[in-house]
Structures are given as structure tokens and as C-alpha cells.
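Shown next, in C-alpha cells, is the structure this report addresses.
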Amino acid sequence: MVVASSIYLVFFVGQVMASGGSLNTIEEVYVKDCTFNGTSNGAIIKTWPGGRGYARNIIYENIKFIGVKNPLIIDQSYHPLDNYDNGSETLKVSNVTYKNIWGTSISKDAIQLNCGPKAGCTNIVLNHVNIRGVGKGKTFATCTNAHGTSSSSSPNVPCLSGK
């Protein structure tokens with residue numbers, strides 16, 4: 001298990017998974033008690049189309065966002081050049097939990113669950129997530145092919161069922 005705890009972040013280094021048909025796996029990741037301050041990205045999972053494998057059993061807990069551009073993202077169609085086959089295989093994303101997440105976003109689209117048409121994302125759980133805009137700005141969530149539950153969360157995530 002990988003555990004990241006009690007971290008105050010002003011930048012974040014990540015890994016894009018599953019590019020070029022390669023097999024990639026990540027599992028048993030626990031990120032807790034962290035603050036993201038002014039970062040471009042917060043709690044994110046990005047995968048390239050055309051990969052194989054999975055990202056599963058990932059927990060983000062007790063996370064605070066301060067003016068983050070993209071606070072919460074799952075993107076199975078990430079590709080910086082936008083020249084890819086959106087219908088190609090993607091790695092499976094499952095069993096991802098966001099618990100006790102709060103703070104502010106500088107963009108209105110605070111929660112983005114962009115899952116592919118083939119694998120989709122399953123058992124995505126949002127529990128006590130509250131992301132508002134900087135100042136009094138409103139935020140919203142977008143989602144495609146994401147399945148799971150959401151309880152006590154704002155903004156509302158339309159593709160996840162309420163508990």
C-alpha cells in the first residue's frame with residue numbers, strides 16, 4: 001500500500017498511466033490529511049487511451065483545496081495532443097473513494113468524471129465532498145460513464161446515485 005499523509009502541496013507531480021498499449025497497474029493508494037494550495041490539479045487520476053491495466057482501490061481522505069484549478073478529476077481520455085482514438089481501450093478505474101474533501105476551486109467545473117465508453121469507471125464513491133468556487137462562485141460537476149454513489153456532496157454529481 002502507498003500512503004501519502006499530512007502533506008501541504010503547492011505543486012503536484014503525477015504519472016499518466018497506460019500509454020501506447022502498455023500494461024500499467026496501480027492499486028492500494030491512500031492519500032490523506034493533505035492540503036492543495038493554488039495547484040493546477042488536486043485529487044486526479046488520468047489515463048491515456050490505448051492502454052491496458054487498472055487503477056483500483058484508491059482513497060483520498062481529509063483533503064483540503066485552496067484555489068485549485070481542477071480539484072477532482074478522473075479522466076480516461078487524457079491526451080495532450082487530442083489526436084487519439086476516443087473509442088480505444090482504456091485501463092479500468094474502479095473502487096475510488098473521495099471522503100471528507102472540501103475547499104475552493106478557481107474553475108466552475110470542480111468535479112470531472114470523464115470515463116471511457118468501454119471500461120467506464122465503477123464503484124466511484126463521493127462521501128462528504130464540498131467544493132465551492134472562490135468567493136461566492138458556484139461550481140458544478142460533469143460526468144460520463146462513471147458509476148457509483150455520492151452522499152452529502154456539493155456540487156451534485158448527476159451520474160452517481162445518492163445514498
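Observations, loosely collected:
- Conditions (1) modelled with pLDDT of 95 or more; (2) over 14 Å from the mean Cα position of the chain (by Cα); (3) within 27 Å of residue 25 (Cβ to Cβ): number failed by residue 139: (3)
- If the condition is being open to solvent by less than 80 Å² (accessible area, probe 1.4 Å) and either over 20 Å from residue 58 (Cβ atoms) or part of a strand (DSSP E or B) (or both), then region 141-151 contributes 141, 142, 143, 144, 146, 148, 149, 150, 151.
- Only a single item in (1) modelled with pLDDT under 90; (2) within 16 Å of residue 101 (Cα to Cα) is not met by residue 55, and it is number (2).
- Beta carbons closer than 7 Å, at least 6 apart along the sequence or on distinct chains, pair a first residue in region 21-44 that is acidic (Asp, Glu) with a second that is modelled with pLDDT of 90 or more for 27/56; 27/57; 28/57; 33/62.
- Of all residues making up region 100-120, the number that are open to solvent by less than 10 Å² (accessible area, probe 1.4 Å), not hydroxyl-bearing (Ser, Thr, Tyr) and not in a loop (DSSP other than H, G, I, E, B): 5
- Within region 33-75, the set of residues being aromatic (Phe, Trp, Tyr) and either outside any strand (DSSP E or B) or open to solvent by 40 Å² or more (accessible area, probe 1.4 Å) (or both) comprises 48, 54.
- Condition check for residue 27: open to solvent by 40 Å² or more (accessible area, probe 1.4 Å), of a type outside the set (A, V, I, L, M, F, W, C), at pLDDT 85 or above and more than 21 Å from residue 111 (Cβ to Cβ): yes
- Among the residues of region 6-17, none qualifies, meaning not one is open to solvent by less than 30 Å² (accessible area, probe 1.4 Å), of a type in the set (Gly, Ala, Ser) and either at pLDDT below 80 or not in a loop (DSSP other than H, G, I, E, B) (or both).
- Within region 121-140, restricting attention to residues that are polar (S, T, N, Q) and open to solvent by 30 Å² or more (accessible area, probe 1.4 Å), the residue that is farthest from residue 153 (Cα to Cα) is 122.
- In the set (1) modelled with pLDDT of 80 or more; (2) among the hydrophobic types (A, V, I, L, M, F, W, C); (3) surrounded by fewer than 16 Cβ atoms within 10 Å (Cβ to Cβ), residue 93 fails one condition alone, (3).
- Region 129-140, residues that are without any contact (Cβ under 8 Å) to a residue 60 or more places away in the chain, over 22 Å from residue 56 (Cα atoms) and of a type outside the set (D, E, K, R): 130, 133, 135, 137, 139, 140
The values are calculated or read from the model by the stated rules, or taken from the named source; none is laboratory data. It should be emphasised that the depicted structure is a prediction, and the values quoted were computed from it without experimental measurement. So basically every Cβ, Gly included, is an ideal-geometry build from the backbone, and we count neighbours across all protein chains shown. In case anyone asks, the SASA skips ligands and DNA or RNA and just uses the protein heavy atoms, side chains included. Shrake-Rupley method; radii C 1.70, N 1.55, O 1.52, S 1.80 Å.
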